[in-house]
């Protein structure tokens, strides 16, 4: 396990950051940076971004087929999908996440009534 951090921004931001303006606890470790570079290269070379887009659309499409009064909205970008629950339910997102976990599906409650699904980028149909 090697701690690493990174920062991405557009030219407007990066052209205005000078020495001492930004720091990182986990920046600058040569081994960690080499591992991070290899991880990013793998994501690109193996088409994980494209897979995330395709599988995310499939996931959202299949979730929308579940005609449930529990679901208020299904949204997301790639495989980062949120299922918003109806606000009038007697349970909130945390309760629902615990119910799903008991059934073997790990999710994360965000805000009060949204469940986050984040399958691995290498997931297949």
Out of curiosity, is residue 125 assigned to a loop (DSSP other than H, G, I, E, B), over 26 Å from residue 4 (Cβ atoms) and touching a residue at least 12 places away in the same chain (Cβ under 8 Å)? yes
Tally, over segment 10-31, of residues that are surrounded by 10 or more Cβ atoms within 10 Å (Cβ to Cβ) and in a helix (DSSP H, G or I): 2
May I ask you to list pairs of residues, at least six apart or on different chains, whose Cβ atoms are under 9 Å apart, with the first in segment 95-109 being at negative phi and without any contact (Cβ under 8 Å) to a residue 60 or more places away in the chain and the second being exposed (fewer than 12 other Cβ atoms within 10 Å of the Cβ) and part of a helix (DSSP H, G or I)? 107/101
Picking from 63, 79, 59, 70, the residue that is more than 16 Å from the chain's Cα centre (by Cα), in the same structural domain as residue 113 (by TED's automatic domain parsing) and surrounded by 15 or more Cβ atoms within 10 Å (Cβ to Cβ) would be 63
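The values are calculated or read from the model by the stated rules, or taken from the named source; none is laboratory data. Quantities reported herein were computed from a predicted structural model and do not represent experimental measurements. As a convention, Cβ positions derive from the backbone with ideal geometry for all residues, glycine included, and neighbour counts pool all protein chains shown.
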